[in-house]
Amino acid sequence: MKIVFESSNGSIIENPNMDYLRENMIDNSPDYWHQGNGTATIDIYDDKKGGRSLLIFPNAEHGIYLKYLIIENRRVREE
């Protein structure tokens, strides 16, 4: 399995550690979200399953908003 994180400023990090994600997206919020496009994604690649993506958006009340997508047979399903 491979995990790819794309930050709000477009930098790509393969298999990021949780401390890095927390420090950047939660602890530095809202400054983090004012860079680049203002969103981030975590893409999960697994040979046994189709692609999966976690879309991460800023949220004033809760810090972040998460949207989980599953890609199977070239179709996207939200969960």
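The values are calculated or read from the model by the stated rules, or taken from the named source; none is laboratory data. All figures in this text were calculated on a predicted structure; none of them were measured in a lab. Note that each Cβ is placed from the backbone with ideal geometry, even for glycine, and that neighbours are counted across all protein chains shown.
State whether one or more residues within region 29-39 are modelled with pLDDT of 90 or more and surrounded by 15 or more Cβ atoms within 10 Å (Cβ to Cβ).
no
Name the single residue, out of those in region 50-65 being within 14 Å of Phe5 (Cα to Cα) and out of contact with any Ser or Thr (no Cβ under 9 Å at 6 or more places or on another chain), that is surrounded by the most Cβ atoms within 10 Å (Cβ to Cβ).
Per the stated criteria, the residue is Arg52.
Specify which of the listed residues (Asp27, Asp47, Asp43) is among the acidic types (Asp, Glu) and under 14 Å from the mean Cα position of the chain (by Cα).
Criteria check complete, one pass: Asp43.
Could you check region 16-46 and list, in sequence order, the residues that are assigned to a loop (DSSP other than H, G, I, E, B) and either free of Cβ contacts under 8 Å to residues at least 24 places away in the same chain or in contact with a Phe, Trp or Tyr (Cβ under 6 Å, 6 or more places away or on another chain) (or both)?
Pro16, Asn17, Asn28, Thr39
Of the residues Asp47, Asp19, only one is modelled with pLDDT under 85 and loosely packed, with under 12 Cβ neighbours inside 10 Å; which?
Just one listed residue meets the conditions, Asp47.
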